[in-house]
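Novice: Can you read through this structure? Questions will come right after.
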């Protein structure tokens, strides 16, 4: 009989402060995301909250915040979905923040013993940011997430730790009714890779077509790097899609970079007017036709009531997903940037990496102050040493003991088991 071990991790965190003032909202809290979705559903003139971080503006006074933290136990094992998870066995952190109605400065230092990837000491979640009514910018080590999925994103997720990034967000309305949002960022990847320090740039344009339907076009790329040309020409060729060998005199050695393009949508109650929605995200490898090809997909559906939301999600990260014979060894890989679309060996896109399939059924909600989330997952990765179907049950609970103190437990039983418990205290000056 196979022995299933469930690990419990104790994480004592004094912090993760989010005072009611200006600031970035990170992809950390699935219940906060649920609340933002409900608010956006009632406002077609507001952008759909399907890309993170988000800028939250307030007219509150300037505030000072302090954060201290200690982590002990076991890092999370893939797969994991939207939200913050442990990155190492033992850790500690310290942070200070100064916030105003239009800007925020947040400095944090983290130390991990045996991190799952990246450095032992890192300034993760350190940033400066500023914004106004229709714009914001940020610079620092900021987690990001693009797409409507609850269990993953094909192009940008939290599977890898944050990289030093400069980003811009703009939003507005067309005719005062249909909201749009544009995002652009540039990040620097790590040194320890076959092409050291390449740049990672991405852009996204989202539109509320009507009160029910939201669409987004997405594009990500790796370009430049040590001993690689990084002038105006490769950038221009990359932007217009001339970046593959065989196009316009481009060879394997001088091709500008590695690109992926995609589309995502969320459609609330396409038939009738009931509390449900369908969503999808597709991405394709950059090919010699200036358009993505060899698509891979994430699809799902949601239902909700006042105190809960449920979802079903399926992802297939094999190239030519849903074809009779999908192609293996393609997604997130690249011949020139041999580490592929990854950082520290971790995918920048979906947490399962390429050549994987997963079905997830989950729900989240609240009951008398208790926030809960439950997800059943079944997945298979063809890149695993011994490919096989695996099953996992994930539980996440949070309870507010007071306005300043909350306890939290999360973990998974079954394949790739792990667990965590935390106590969080938040403080900010009046």
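Novice: Which residues in segment 114-152 place their backbone N less than 20 Å from a point set 7 Å from the Cα of residue 177 along the Cα-to-Cβ direction?
Specialist: Once the point is set 7 Å along Cα→Cβ of residue 177, nothing inside segment 114-152 turns out to lie under 20 Å by backbone N.
Novice: When ranked by the protection proxy of mean other Cβ atoms within 10 Å per residue, highest first, what sequence do the peptides 229-238, 414-423 form?
Specialist: Working: 229-238: 14.5, 414-423: 18.5.
Listed from highest to lowest mean packing, they are 414-423, 229-238.
Novice: Determine the equivalent ellipsoid of segment 379-426 by diagonalising the alpha-carbon gyration tensor, then write out the semi-axes as square roots of 5 times the eigenvalues, largest first, rounded to whole Å.
Specialist: Numbers: eigenvalues 225, 16, 10 Å².
Whole-Å semi-axes of the equivalent ellipsoid: 34, 9, 7.
Novice: Testing the spin-label approximation: label points 7 Å from Cα along Cα→Cβ at residue 325 and residue 92. State their distance in nm.
Specialist: For the pair residue 325/residue 92, the computed spacing is 5.8 nm.
Novice: Name all residues of segment 392-406 having a backbone nitrogen under 13 Å from the label point set 7 Å from the Cα of residue 368 along its Cα→Cβ direction, giving them as ranges.
Specialist: none
Novice: Another one. What number, rounded to the nearest 500 deg cm²/dmol, is the helix-based mean residue ellipticity at 222 nm of the chain, given -39500 (n - 2.57) per DSSP H run of at least four residues and division by all its residues?
Specialist: On the way: 2 runs with 20 residues, N = 430.
Helix contribution divided over all residues of the chain: -1500 deg cm²/dmol.
Novice: Hey, another quick one. Taking the highest mean first, how do the peptides 189-201, 99-111 order by number of other beta carbon atoms within 10 angstrom per residue?
Specialist: So the order, starting with the most tightly packed, is 99-111, 189-201.
Novice: Cα centroid distance between segment 267-329 and segment 91-107, in Å?
Specialist: Cα centroid of segment 267-329 versus Cα centroid of segment 91-107: 36 Å apart.
Novice: Please find the FRET efficiency linking residue 305 to residue 402, where r is the Cβ-Cβ separation and R0 is fixed at 25 Å, and quote it to the nearest 0.05. Show your work: numbers first, answer last.
Specialist: Working: r = 28 Å, r/R0 = 1.11.
Rounded to the nearest 0.05, the efficiency is 0.35.
Novice: Can you give the relative contact order of segment 10-425 as a percent, counting alpha carbon pairs under 8 Å and 6+ residues apart?
Specialist: Values: 1124 pairs, mean separation 53.0, N = 416.
Relative CO of segment 10-425 lands at 13 percent.
Novice: Starting from the eigenvalues of the Cα gyration tensor, five times each then square-rooted, give me the equivalent ellipsoid semi-axes of segment 286-389, largest first, whole Å. Numbers along the way, then the final one.
Specialist: On the way: eigenvalues 201, 47, 41 Å².
For segment 286-389, the ellipsoid semi-axes come out as 32, 15, 14 Å.
Novice: Let me ask another. Could you sort the peptides 381-394, 303-316, 213-226 by per-residue average Cβ neighbour count (10 Å cutoff), highest mean leading?
Specialist: On the way: 381-394: 13.8, 303-316: 16.9, 213-226: 20.9.
Descending packing order for the listed peptides: 213-226, 303-316, 381-394.
No value in this document is a laboratory result; all are computed from the given coordinates. What you see is a predicted model, and the numbers here were worked out from it, not measured in a lab. Cβ coordinates were reconstructed from backbone atoms using ideal geometry, including for glycine residues, and neighbour counts include every protein chain displayed.
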